[in-house]
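Taken together, the values in this text are just the output of simple stated rules run on the coordinates, not laboratory data. Predicted model only: the values in this text are computed from it and were never measured. No Cβ is skipped: glycine too gets one built from the backbone with ideal geometry, and neighbour counts run over all protein chains shown.
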Amino acid sequence: MNAGIPIQLRQAPEVRIALVTTRGRTPKELEANKPKQQILAPLPARHALDALTRKSRIKSVVLPSVNMVEDTDLIRRGYGAYLGNDRWRINGRVYAREGTPQGRLFPERGDGIVTLTRSELKALITLVKYNGSTELAAQELWYSDDISHQDIETARKTCDLRTKKP
């Protein structure tokens with residue numbers, strides 16, 4: 001017994017438990033990061049390393065390991081971090097919306113995305129056309145005035161990451 005000593009019971013402090021999603025976001029955070037208008041997924045064939053053609057006018061090439069459709073779905077659901085100016089970061093990559101408010105996303109930079117200059121892209125297209133660093137590719141690149149040796153080396157390293165090989 002406590003022999004007449006008054007016992008003061010402490011009340012436990014109020015604890016708030018936020019509903020946390022599987023990726024550590026509250027519903028309020030998810031809503032804040034969702035795009036305000038509909039977004040379309042990037043066209044995989046447009047940015048795929050294996051699908052480059054002479055008509056390609058892109059600035060970023062996506063490696064085969066990147067799933068742009070899954071990234072877009074996560075951005076739509078609010079899991080991407082909104083960076084402002086119609087840009088979102090998800091899985092170490094930044095996607096931006098093209099042109100109109102309902103525009104398609106395109107990969108801008110980050111893990112699994114190779115950003116190229118126009119000359120590097122031209123060299124890479126040539127290497128893809130000839131299935132890698134072949135004699136025919138070397139001849140075509142030799143006669144290109146606007147492609148430097150550095151551009152060819154960058155393109156060669158990027159080309160080596162393709163899934164389609166000779």
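Using label points projected 7 Å from each Cα along Cα→Cβ, tell me how many nm separate Asp73 and Ala41, to one decimal.
Inter-label distance under the simple model: 0.7 nm.
If we count other beta carbons within 10 Å of each Cβ, what is the order of Asp151, Asp73, fewest first? Let's see the in-between values first.
Details: Asp151 21, Asp73 14.
Going from sparsest to densest Cβ surroundings: Asp73, Asp151.
Using the Cα centre of the stretch 116-166 as the reference point, and only Cβ charges (+1 on K/R, -1 on D/E), how large is the resulting charge dipole? Debye, rounded to the nearest 20. Present the calculation step by step, with values, prior to reporting the outcome.
Working: 8 positive and 8 negative charges, 72 e Å.
My answer is approximately 340 debye.
Say the cut-off is 23 Å between C-alpha atoms; which of Lys28/Lys59; Lys55/Lys129; Lys122/Lys157 go over it? Intermediate values should be presented prior to the final figure.
Working: Lys28/Lys59 35 Å; Lys55/Lys129 12 Å; Lys122/Lys157 14 Å.
Check vs 23 Å cut-off fails for Lys28/Lys59.
For a test of the definition: using alpha carbon positions, the gyration tensor, and the 1.5 limit on a/c, classify the stretch 48-166 as rounded, prolate or oblate. Show your work: numbers first, answer last.
Numbers: a/c = 2.76, a/b = 2.14, b/c = 1.28.
It is prolate, given that a/c is not under 1.5 and a/b is the larger ratio.
Tell me whether the stretch 116-166 comes out rounded, prolate or oblate; compute the Cα gyration tensor, take square roots of the eigenvalues as a ≥ b ≥ c, and use a/c under 1.5 as the rounded threshold.
In terms of gyration-tensor shape, oblate.
Dipole of the stretch 14-166 (Lys/Arg Cβ +1, Asp/Glu Cβ -1, origin at the Cα centre): which of Ile75, Val61, Gly110 lies farthest to the positive side?
Result: Ile75.
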